[in-house]
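Chemist: First the structure, then my questions, so here it is.
The values are calculated or read from the model by the stated rules, or taken from the named source; none is laboratory data. What you see is a predicted model, and the numbers here were worked out from it, not measured in a lab. Quick reminder, even Gly has a Cβ in these numbers, built from the backbone with ideal geometry, and neighbours come from all protein chains shown. With ligands, DNA and RNA removed, areas are computed over all heavy atoms of the protein, side chains included. Shrake-Rupley method; radii C 1.70, N 1.55, O 1.52, S 1.80 Å.
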Amino acid sequence: MTACSNKISQVYIPEDKIKQKVAELGKIISKDYENKDLLLVGILKGSVVFLSDLMREISIPVSIDFMTVSSYKNSSFSSGSVDILSDLSTDISGKDVLIVEDIIDSGITLSRLVPMLEKRNPASIKLCTLLDKPDRRKIDINVDYVGFEIENKFIVGYGLDYAEKFRNLNYIGIYNL
């Protein structure tokens, strides 16, 4: 653990397990999107670490773009509303879009985002998340690529934050609220 770990009660997913899972996902995605025009869309800020590692594990050419979407407002619970703070800079028409998330819990964010992107005529839209927390689901979302299904714990690290802190941890830890 690092010096900022006094708020972290335990390592939930260690760095080596994350690296192994990201490599597995990269191989599967490479096979599934062979000979396609793949665009990885990272949902900022949480996905940046996962997306960076994932794209290096994908063996086919990919493009990347980002969106900034907010539903938490510095809280540990989704507000129920979703704000698009910055949109894509890429035309996704005809592209195979893979939305990359750090964590999917309530499903609220993606329930708004996916239909909005579908109106832009991509060839396909699929979802990839490092962490899936189905016990918190409020809206049913089909997730195509899942790293880890996790319990309903508040976690930080590897891109996940609490009030913008702890994203830089190389593991995922349980945060003491």
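Chemist: Out of Ile92, Ile60, report the one residue that is open to solvent by less than 20 Å² (accessible area, probe 1.4 Å), at pLDDT 95 or above and part of a loop (DSSP other than H, G, I, E, B).
Modeler: The unique qualifying residue is Ile92.
Chemist: Tell me the residue from Leu169, Leu110 that is buried (at least 19 other Cβ atoms within 10 Å of the Cβ) and assigned to a loop (DSSP other than H, G, I, E, B), please.
Modeler: Among Leu169, Leu110, only Leu169 is buried (at least 19 other Cβ atoms within 10 Å of the Cβ) and assigned to a loop (DSSP other than H, G, I, E, B).
Chemist: Applying the selection to segment 18-35, what residues are out of contact with any Phe, Trp or Tyr (no Cβ under 8 Å at 6 or more places or on another chain) and surrounded by 15 or more Cβ atoms within 10 Å (Cβ to Cβ)?
Modeler: Within segment 18-35, Gly26, Ser30, Asp32, Tyr33 qualify.
Chemist: Are any of the residues in segment 148-155 at pLDDT 95 or above and open to solvent by 20 Å² or more (accessible area, probe 1.4 Å)?
Modeler: Scanning segment 148-155 turns up at least one residue that is at pLDDT 95 or above and open to solvent by 20 Å² or more (accessible area, probe 1.4 Å).
Chemist: So Leu85 fits all but one of (1) under 17 Å from the mean Cα position of the chain (by Cα); (2) assigned to a helix (DSSP H, G or I); what number is the exception?
Modeler: (2)
Chemist: While we're looking at this one, here's another question. Please verify whether Tyr158 is of a type in the set (Phe, Trp, Tyr), within 25 Å of Ile92 (Cα to Cα) and open to solvent by less than 40 Å² (accessible area, probe 1.4 Å), treating the condition exactly as stated.
Modeler: The answer is no for Tyr158.
Chemist: Given (1) under 14 Å from the mean Cα position of the chain (by Cα); (2) over 17 Å from Ile43 (Cβ atoms), identify the lone condition not met by Gly147.
Modeler: Going through the list (1) under 14 Å from the mean Cα position of the chain (by Cα); (2) over 17 Å from Ile43 (Cβ atoms), Gly147 breaks only (2).
Chemist: Name the single residue, out of those in segment 117-146 being assigned to a helix (DSSP H, G or I) and in contact with an Asp or Glu (Cβ under 9 Å, 6 or more places away or on another chain), that is surrounded by the fewest Cβ atoms within 10 Å (Cβ to Cβ).
Modeler: Asp135
Chemist: Using the structure shown, decide if Ser9 is farther than 14 Å from Gly147 by Cα, surrounded by fewer than 17 Cβ atoms within 10 Å (Cβ to Cβ), touching a residue at least 60 places away in the same chain (Cβ under 8 Å) and over 16 Å from the mean Cα position of the chain (by Cα).
Modeler: Spelling it out, Ser9 is indeed farther than 14 Å from Gly147 by Cα, surrounded by fewer than 17 Cβ atoms within 10 Å (Cβ to Cβ), touching a residue at least 60 places away in the same chain (Cβ under 8 Å) and over 16 Å from the mean Cα position of the chain (by Cα).
Chemist: From the list Ile18, Ile29, exactly one residue is under 30 Å from Leu177 (Cα atoms) and in contact (Cβ under 8 Å) with a residue 40 or more places away in the chain. Which is it?
Modeler: Only one candidate passes the filter, namely Ile18.
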